[in-house]
Structure formats: structure tokens, C-alpha cells
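Where a number appears in this text, it was derived from the coordinates with a stated rule and is not lab data. Every value quoted in this text rests on a predicted model; they were computed, and no experiment measured them. Please note: Cβ atoms are built from the backbone with ideal geometry, for glycine as well, and neighbour counts cover all protein chains shown.
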Amino acid sequence: MTAELIDGKAIANQIKQELKIEVEKLKSSGIVPGLATLLVGEDPASQIYVRNKHKACQEIGIASFNHLMPKESSQKEVLEKMNQLNLDPKVHAILVQLPLPAQINPHDILYAIKPSKDADGFHPVNLGRLFAAKDLTELRSNQQVIPLPCTPYGVLELLDRSKISIQGKNAVVVGRSMIVGKPMAALLLARHATVTVTHSQTKNLIECCRSAELLVAAIGKAKFIQGNMVKEGAAVIDVGINRNANGSLSGDVDFEAAKEKAGWITPVPGGVGPMTIVMLLKNTVELCKAAGGT
Ligand SMILES: NC(=O)c1ccc[n+]([C@@H]2O[C@H](COP(=O)([O-])OP(=O)(O)OC[C@H]3O[C@@H](n4cnc5c(N)ncnc54)[C@H](OP(=O)(O)O)[C@@H]3O)[C@@H](O)[C@H]2O)c1
């Protein structure tokens, strides 16, 4: 079998167009959705990520505010900045670019973001609500919006827009990070999959992956998921982004081998990657609307 390719770039563009229309509507009623980013220090990769986020905001008409602080900033100074952004009515969503310098505890900073302005969905109140929800629709009712962590939220959109069913499926998530693996498992559970989360201490990983009708790889090791770990006809979602010695990118899945067994597969680049920024835009628009911008 040769898998159907899930085109993340095309799906991300489609969502961008939808968001652009929503932003225009908000603007016509005098409301401009605003995203503030906070970068502490000068990490070159973080500078690129932040720049790309602002560019994406511009493309669809979201106002973006770029806050930079020196790398020697104290935790108290960063918390003060966070407080200012929490109180700023032009800011509907706040993103703290990770990693933060060593003297700052990232958890304390993420906890200081007002949950209703949490662009990345990493605040424990929002993560707690996600884990507590029996069903995802619960998180989208009564004008209440719980922002979802962008990468797993993007994976969900890829599945939905590719018409891949989730309910009742045997799903295996490889990786248990706070950014990808854990919220991915919670989202799939809230969409009624039967979820197994695996990690570096998991025994029988090969058999476990091979049982997955839906396999999400978020490991950070190039081509870790081999063809013998893929069930015939499975949907294989590759979150990994690994830089090879020659500068090219590889996912966590051995694409060439896996595509011969899978029913659907995401490429790297062009799969999950383009979705992450777009879901940040979506969270910003949804938080703006929940704050009264409907
Ligand atoms: N597409 C995007 O927008 C996007 C966004 C975020 C991340 N990523 C990419 O996704 C990948 C994962 O990111 P992350 O932040 O989740 O990484 P991470 O925090 O390093 O977590 C990696 C996870 O993989 C598990 N793992 C490592 N070796 C393993 C092994 N041999 N067998 C089974 N599990 C193993 C680890 O297990 P332990 O917990 O036991 O250590 C850990 O839970 C990276 O390539 C990253 O660049 C992409």
C-alpha cells in the first residue's frame, strides 16, 4: 500500500484564509486581535521562530507586539512584564518564547500568564481543563474558550480535515513532553480514541506502535519509527523536526518505509510544521472573540 499524503502546507493555508475572514469581521466591528510575544535573550533559533510568528500575524491582519528583554533579566522583571501584558487591553494572547535563560523558572513565567490570554495553551489551568474534559466540545461552549497547545491542536486539524476518524481508534503517541506528547494524548482521549502514551522507558515499543491505527511520533530522533513499527493502513503523523548533517530536515518517521504500509502519512517538512503557527493564530483569534470581540 502507498499512503495518502496529508498536505499540512495546504491545510494550514486554508485555515489562514478562514482566519483572515474572521479577523476582517472583527476589525469591521472595531476590534483588532492582538498577540504579544516575549523573547528573553538573543537565542538565534528563538529569534527566527518569533520573527515567523509576527510575519504570520501580519499576513492575516492580527496586530503583533514584539517584546524583547535582555538575557540577564531577572525573574522579577519578567514577571512584571507579564503583568503589564496581562493588563494591556490591546493584547488578547501572550506567547513566551522558550527556552528562557537559566536564571528564570519557565513554569513560574507560564503560570503568570492570565489563562484567558494563554496563546500556547500551556497554563496549568488550561491544561487541567483539557485533561478534565470528557469531550472536546465541552471546551468550546458558553463563550468559554480553552486555548489548546498549538502542535497537537494542529495534528487534530490535520486528521479532521483529512477525514480520518479518531473515535474508537487505537492511538499510540510516542513521546510524553508537555509541548506535544501529553496534550496530544489528552486531545485524542477527548475525541474518544483509546490512547497509549509511550516514552524512552516503554517496553515492547515496536509491538505497541505496530498495534496503532493512529500513530503520532514526537520523539526528536530522525527516522526512529521504522517500517516494521507501522500497522498496515494506519494514519502516521510525524511531529519530529530533525536537522541532518547536510542541512536537510527529517522527521521522526522513516518516511520511505512507512509510506508503503500506512494509509495516510504526513511529510517532513510540509506536514505538522506549518500547522503549529497557524494554530497559534487560531488561538489568538478565539481568545479575542471570547474576550468580547464577537
Ligand atoms: N512540528 C512542530 O511544530 C513541532 C513542535 C514541537 C516539537 N517538534 C519536534 O517534535 C519532536 C519532539 O519534540 P518534544 O519537544 O516533544 O521533545 P522532547 O521534550 O525531547 O520529548 C521527546 C520524547 O520522546 C521520548 N523518547 C526519546 N527517546 C525515545 C525512545 N528511544 N523511545 C521512545 N521514546 C523516546 C522521550 O521520552 P522520556 O520522556 O522518557 O525522555 C520524550 O518523552 C522534536 O523533533 C521537535 O523538534 C515539532
Please compute the length gained on full extension between Q75 and Q58, using 0.36 nm multiplied by the number of residues separating them and subtracting their Cα-Cα distance. 3.1 nm
Could you line up K90, K231, K53 from fewest to most neighbouring Cβ atoms inside 10 Å? K90, K231, K53
By how many degrees, between 0 and 90 and to the nearest 10, does the Cα long axis of helix 273-288 differ from the longest principal axis of the chain? 40
With each run of n ≥ 4 DSSP H residues scored as -39500 (n - 2.57), what mean residue ellipticity at 222 nm is computed for the chain after dividing by its residue count and rounding to the nearest 500 deg cm²/dmol? -12000 deg cm²/dmol
Any idea what angle helix 75-87 forms with the longest principal axis of the chain, computed on alpha-carbon atoms, 0 to 90 degrees, nearest 10? 80
In the chain, if the dipole is taken from +1 on Lys/Arg beta carbons and -1 on Asp/Glu beta carbons about the Cα centre, which of N52, G233, C288 is farthest to the positive end? C288
Compute the relative contact order of segment 30-117 as a whole-number percentage, counting only Cα pairs closer than 8 Å that sit 6 or more residues apart in sequence. 40
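Once you have the Cα-Cα distance between S211 and N170, take 0.36 nm times their residue separation minus that, and quote the gain in nm to one decimal.
14.0 nm
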Order of L281, L110 under a 10 Å beta carbon neighbour criterion, fewest first: L110, L281
Using only the Cα atoms of segment 30-117, build the gyration tensor, take square roots of its eigenvalues as a ≥ b ≥ c, and label the shape rounded, prolate or oblate: rounded if a/c is under 1.5, else prolate if a/b is larger than b/c, else oblate. oblate
Averaging 1/r across every pair of distinct alpha carbons in segment 149-274 and inverting yields a Kirkwood hydrodynamic radius, in angstrom, of 14.1
Interatomic Cα distance distribution for the chain, bins of 10 angstrom, percent: 7, 27, 34, 24, 8, 0
Residue-span extension gain [T194 to Y111] - 0.36 nm each, minus C-alpha spacing: 26.9 nm
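Which value, in Å³ per residue, describes the convex hull spanned by the Cα atoms of segment 78-212?
Convex hull of Cα atoms, per residue: 129 Å³.
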May I ask you to derive the relative contact order of the chain, considering only C-alpha pairs under 8 Å and at least 6 residues apart, and to give it as an integer percent? 23
Quick one: angle between helix 150-161 and the longest Cα principal axis of the chain, in degrees between 0 and 90, rounded to 10, please. 60
At a 10 Å Cβ-Cβ cut-off, how would you order T284, T196, fewest neighbours first? T196, T284
Counting Lys and Arg as +1 and Asp and Glu as -1, each charge on the Cβ, what is the dipole of the chain about the Cα centre in debye, to the nearest 20? 220
Over the chain, what is the percentage of antiparallel beta bridges among all DSSP beta bridges, to the nearest 5? 5
